[in-house]
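Reviewing the structure listed below.
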Amino acid sequence: MKTINAAIIGCGAIHTCHAGAILQNPASRLQAIAECDVEKGQALAQQYQCAFYADYAEMLRDPHIDVVHICLPHYLHQEAILAALAAGKHVFTEKPAVLNPGEIKAVKKALTDSGRLLGVCYQNRLNPSSQKIHALLASGALGKMLSIKAVLTWSRGGTYYSQSPWRGHFTTEGGSLLINQAIHTLDLMQWFGGGVRAIKGVVDSHFLGEVTENEDTAMASLILANGARGLFYASNCHSTDSPLLLEIHCENGLLQLHHNALWLISGENKTLLVSDHSPAGQGKSYWGDSHRQAINNFTHSVRSFENRNLEDDNYTSLDEADISLKMVEAIYRSSQLRQWITLE
């Protein structure tokens with residue numbers, strides 16, 4: 001089968017997860033990187049032994065590139081995705097796919113017209129605990145899902161925002177806590193519930209008002225597609241990055257994700273099902289190693305498509321990514337209007 005030639009646009013912190021996965025996968029090759037900081041880009045290209053471009057438009061003219069990884073600030077995603085699709089490249093983009101649901105329509109049309117594949121990096125779906133929860137719920141072994149609770153408390157301070165000035169502004173980040181950190185949690189909640197029907201939420205700035213114009217704290221109630229209730233709380237005001245706390249109450253038991261361990265509690269019995277503890281991948285330790293798996297899955301999908309013109313669904317599609325973007329927008333709207341927002 002064909003080796004997939006990959007390129008990366010944008011070499012911020014998250015790009016290391018993509019570069020590492022590409023370089024470690026025998027089915028892929030890092031062909032090029034594009035970075036506006038020339039000195040930084042040239043040094044990385046030498047490290048990776050690949051081509052360097054200061055202008056990604058020039059890089060996209062390389063006919064040998066099969067797939068482009070988008071690792072840019074949020075507000076630059078749509079433009080880069082459209083350019084890559086127009087150049088006939090497959091695209092794998094960091095979340096969020098675009099800045100807001102309004103931008104996604106043009107991308108969907110371009111994707112259809114291009115005949116290419118587009119995946120979005122919601123790597124937490126591939127955590128062992130997430131896979132186990134999804135499989136158990138789908139099997140019906142625990143009966144009807146009644147409710148889900150998710151609590152995410154991380155730490156983001158002045159340095160985090162000053163290092164990347166596009167963060168903390170609605171026009172460039174699309175929000176803050178919700179669209180950057182907590183969107184993964186919202187995605188898991190709707191994935192486990194088969195989608196979401198309605199949301200009522202509140203966002204506010206409690207401690208970080210001097211460094212971001214957007215929210216640092218959010219809470220929401222959800223009505224999921226399967227009829228279950230969802231309770232969500234997130235904050236960037238903690239002093240450390242705590243693991244996600246997740247509970248799913250079903251008719252025949254309680255699933256509890258606590259300190260990266262998934263437990264099944266039924267009556268007085270408590271059984272450890274799986275642990276998410278694993279050697280850290282590229283990047284920050286709390287990102288875990290599921291980035292690598294998500295990228296490898298998409299590489300396999302592109303490889304299958306290129307060699308047999310077959311498409312599998314072993315990645316998070318643009319349509320799936322659209323759901324969490326609509327959830328974020330709905331929470332913002334609900335907070336302004338102080339009412340339930342129905343999702344289409």
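Numerical summary
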{"read-out": "Ascending count of other beta-carbon atoms within 10 Å, so fewest first, for 15, 64", "value": "64, 15"}
{"read-out": "Formal net charge of residues neighbouring residue 122 (Cβ-Cβ distance under 13 Å; K, R +1; D, E -1)", "value": "-3"}
{"read-out": "Subset of 40/95; 149/270; 40/108; 144/200; 200/270 violating a 28 Å alpha-carbon distance limit", "value": "40/108; 200/270"}
{"read-out": "Principal-axis tilt of helix 318-337 within the chain, Cα atoms, nearest 10 degrees", "value": "50 degrees"}
{"read-out": "Set of lysines with alpha-carbon distance to residue 2 below 25 Å, sequence-local pairs under 8 removed", "value": "89"}
{"read-out": "Within-14-Å neighbourhood charge of residue 197 [Cβ basis; K, R +1; D, E -1]", "value": "+2"}
{"read-out": "Label-to-label distance, nm, for residues given as residue 139 and residue 240 (7 Å Cα→Cβ offset)", "value": "3.4 nm"}
{"read-out": "Footprinting exposure proxy for 112, 153 (fewest neighbouring C-beta atoms within 10 Å first)", "value": "112, 153"}
{"read-out": "Considering only the chain, percent of DSSP beta bridges that pair antiparallel, nearest 5", "value": "60 percent"}
{"read-out": "Global form of segment 86-171, assessed from the alpha-carbon gyration tensor, a/c cut-off 1.5", "value": "oblate"}
{"read-out": "Cα-centred dipole magnitude for segment 204-252, charges only on beta-carbon of K, R (+1) and D, E (-1), debye, nearest 20", "value": "260 debye"}
{"read-out": "Gained length - residue 314 relative to residue 23, 0.36 nm times residue gap less alpha-carbon distance", "value": "102.7 nm"}
{"read-out": "Ranking of 200, 95, 144, 89 by count of other Cβ atoms within 10 Å, fewest first", "value": "144, 200, 95, 89"}
{"read-out": "Karplus (6.51, -1.76, 1.60) ³J(HN,Hα), θ = phi - 60°, over segment 68-81, in Hz, Gly and Pro reported as x", "value": "10, 9, 9, 10, 9, x, 3, 6, 9, 4, 4, 4, 5, 4"}
{"read-out": "Computed [θ] at 222 nm, deg cm²/dmol, the chain (DSSP H ≥ 4; -39,500 (n - 2.57); rounded to nearest 500)", "value": "-10500 deg cm²/dmol"}
{"read-out": "Among (i) 22.4, 69; (ii) 17.8, 51; (iii) 20.0, 63, the entry derived from the coordinates for Rg and Dmax of the Cα atoms in Å", "value": "(iii)"}
{"read-out": "Simple label model, 7 Å out from Cα along Cβ direction - residue 333 to residue 42, nm", "value": "4.9 nm"}
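Readers should treat all values here as calculations from the given coordinates under stated rules, not as data from a laboratory. Since the model is a prediction, treat every value here as computed from it, not as a measurement. Note that each Cβ is placed from the backbone with ideal geometry, even for glycine, and that neighbours are counted across all protein chains shown.
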